[in-house]
1. Conditions first: (1) at pLDDT 95 or above; (2) surrounded by fewer than 18 Cβ atoms within 10 Å (Cβ to Cβ); (3) within 14 Å of chain B (Cβ to nearest Cβ). A:GLN93 passes all but one, so which condition is the exception?
2. Would you confirm whether or not the range B:271-282 contains a residue that is closer than 30 Å to B:ALA161 by Cα and either without any contact (Cβ under 8 Å) to a residue 12 or more places away in the chain or surrounded by 18 or more Cβ atoms within 10 Å (Cβ to Cβ) (or both)?
3. Take A:LEU85 and decide whether it is buried (at least 21 other Cβ atoms within 10 Å of the Cβ), within 11 Å of chain B (Cβ to nearest Cβ) and not acidic (Asp, Glu).
4. Does B:ALA107 satisfy the condition of being more than 19 Å from the chain's Cα centre (by Cα), within 12 Å of another protein chain (Cβ to nearest Cβ) and within 13 Å of B:GLY48 (Cα to Cα)?
5. Filter the range A:122-174 down to the residues that are more than 30 Å from A:GLY25 (Cβ to Cβ) and acidic (Asp, Glu) and list them by number.
6. Can you tell me how many residues in the range B:11-56 are part of a helix (DSSP H, G or I), in contact (Cβ under 8 Å) with a residue 60 or more places away in the chain and either polar (S, T, N, Q) or outside the structural domain of B:LEU318 (by TED's automatic domain parsing) (or both)?
7. Among the residues of the range B:110-121, which ones are at the interface with chain A (Cβ under 7 Å from one of its Cβ atoms) and either in contact (Cβ under 8 Å) with a residue 60 or more places away in the chain or surrounded by fewer than 21 Cβ atoms within 10 Å (Cβ to Cβ) (or both)?
8. Scan the range A:133-149 for residues that are over 15 Å from the mean Cα position of the chain (by Cα) and under 21 Å from A:LEU97 (Cβ atoms) and report the count.
2 protein chains.
Amino acid sequence: MRIATLAGGVGGSRFVRGLRRHLDGFADGGPHEITVIGNTGDDITLWGLRVCPDLDTLLYTLGGGVHEAQGWGRTEETHRIQGELAAYGVQPQWFGLGDLDVATHIARSQWLGQGHTLSEVTARLADRWGLPTQGIRLLPMSDEPVETHVVVDDGAGGERAIHFQEWWVRHQAGLPARRFVAVGMDRAVAAPGVLDAIRGADVVLLPPSNPVVSIGIILGVPGVRDALRGTTAPVVGVSPLVGGAPVRGHADACLAAIGVEATSAAVAGLFEDFLDGWLVDPADPAPPAASRVPVTAWDRPLLMPDVESAAALAGAALDLALSLQRA
Amino acid sequence: MRIATLAGGVGGSRFVRGLRRHLDGFADGGPHEITVIGNTGDDITLWGLRVCPDLDTLLYTLGGGVHEAQGWGRTEETHRIQGELAAYGVQPQWFGLGDLDVATHIARSQWLGQGHTLSEVTARLADRWGLPTQGIRLLPMSDEPVETHVVVDDGAGGERAIHFQEWWVRHQAGLPARRFVAVGMDRAVAAPGVLDAIRGADVVLLPPSNPVVSIGIILGVPGVRDALRGTTAPVVGVSPLVGGAPVRGHADACLAAIGVEATSAAVAGLFEDFLDGWLVDPADPAPPAASRVPVTAWDRPLLMPDVESAAALAGAALDLALSLQRA
């Protein structure tokens, strides 16, 4: 079975890890290949190093190196580099990078500087984390740099754009966002394998990632949305909201910025041109009858505190997809 | 009193730190300013980061952060980054950089990438290490990248050039060197303040640094040698050899490559066009009568195992210089 997923950071990573676990016990022996199309809109150059937060969270989570409680970054991490850079007065200081994590960015930056594409670099990083041996292929959505910027009030009646990370990490999404701009998207091309993975999949799954700044950004890559509309695979998504609130992160602030209600139904509406099924929390309010997306309430809360619960959730999404057929 | 020094790594750093200590107890109250002109020929871009080994050894030693027993690098250092990069297969792996040290290179690389000169970057790094408050000004010999390469046999009857660090660190100077080439020197200009520091000095001191790949490289920067010949200040050097052997490093292999005997007298001969005095070890063989450089044997071995002994040695060199007058 070939499964394609679109993924942001923590939610996407935990979902894919759960999916892998679920497939390991799947009745039909396999092999099953998972292609993960990772959001790179969160990417940022910090301290001169290229940082890809969502790809790294995927690598660390799938490779067994993630800080479990935190959901991102490395376990047994230290922050000596950051302390030194603060002593030197290096800016910015609002973004924290651990020492082990910095090594990933050094490796990536060196290889990019040698002319390798982000796809190639990501594949090399994924080798170290054993993704290929798990049947997981991690692709960046695009090899061209795309950076999500957030347009906010400038305090003088006008507006200014700041990097997504500055808005998310420094301001904790507390500055009202007027809109999001995916800088570089006009020059972006889907990375090698991305469109084929969607078109050739048996199943496409959308993990409970941020619908605006993770899934939404990936959908902006030319050809991705068309591929989702055109694939013969059933496309099933998992709502990122539990009872109308995001499980983590600031999805509500992101939805508010694009004028969409923070409900599972409204989020499904963002994807209704290609979504065949939508898995929601049992406590979720019923969707408006107007939606063309069939909604299925799961029998458990949409939470992934551990690998087992994530495997169960991924299994439910997969079962739902396998029960559907595209014309 | 204005003192100018030319310095390589460990020997230069210990000497200057001793000089600073000596001046603190100097009868004539001061203030005394020390300008250190650091060798940048050892510089190398590793893992995409710009590393300046001699400048860093000067910063760490003068700023109280050096690994004393080792002579270079940071005290209480860890090597987590290096372990990660090895796991990722990042090359080269023959050069070790500690985590705290890496932070220095990240800061430097970021600032250089923002368009600052190496002089400006070095001044910012020196601020953190408190050099200005000690009356020490650290200047790179040049803001243009200059890298010493070593021409060695290629094993097939021909020759090839490798970076100085590869020869020094990876091969421990064990490959016979045919000659040294200072790549980039043809485009190099003395950094702001370098020539003026020599011309306007009251005293110029050459610490016991490697005469070929440290002092020798600095002397190759256009204008430096002329400034040393032309300054009104007495110029006194300290021999890097004790009883015909280098105190540390591979100065003998470097001297062999340029066809110079590994004796204090022969080294003095390299500088005889501008040297007014030459301080040698008491166990040193007498110089040949042909040398025009007056030689003074110190009453103690030319060793700097601690700050006190370095202060005594620097004091002896300074006293010798102050006893001399240029016409």
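1. If we test A:GLN93 against (1) at pLDDT 95 or above; (2) surrounded by fewer than 18 Cβ atoms within 10 Å (Cβ to Cβ); (3) within 14 Å of chain B (Cβ to nearest Cβ), just (1) comes out false.
2. Within the range B:271-282, one or more residues are closer than 30 Å to B:ALA161 by Cα and either without any contact (Cβ under 8 Å) to a residue 12 or more places away in the chain or surrounded by 18 or more Cβ atoms within 10 Å (Cβ to Cβ) (or both).
3. When the stated conditions are applied, A:LEU85 passes them.
4. Yes; evaluated as a whole, the condition is true for this residue.
5. A:ASP143, A:GLU144, A:GLU147, A:ASP153, A:ASP154, A:GLU159, A:GLU166
6. Going through the range B:11-56 one residue at a time, the tally reaches 0.
7. If the condition is that a residue be at the interface with chain A (Cβ under 7 Å from one of its Cβ atoms) and either in contact (Cβ under 8 Å) with a residue 60 or more places away in the chain or surrounded by fewer than 21 Cβ atoms within 10 Å (Cβ to Cβ) (or both), then B:GLY113 is the only one that fits.
8. Count: 2.
The values are calculated or read from the model by the stated rules, or taken from the named source; none is laboratory data. It should be emphasised that the depicted structure is a prediction, and the values quoted were computed from it without experimental measurement. Cβ: placed from backbone, ideal geometry, glycine included. Neighbour counts: every protein chain shown.
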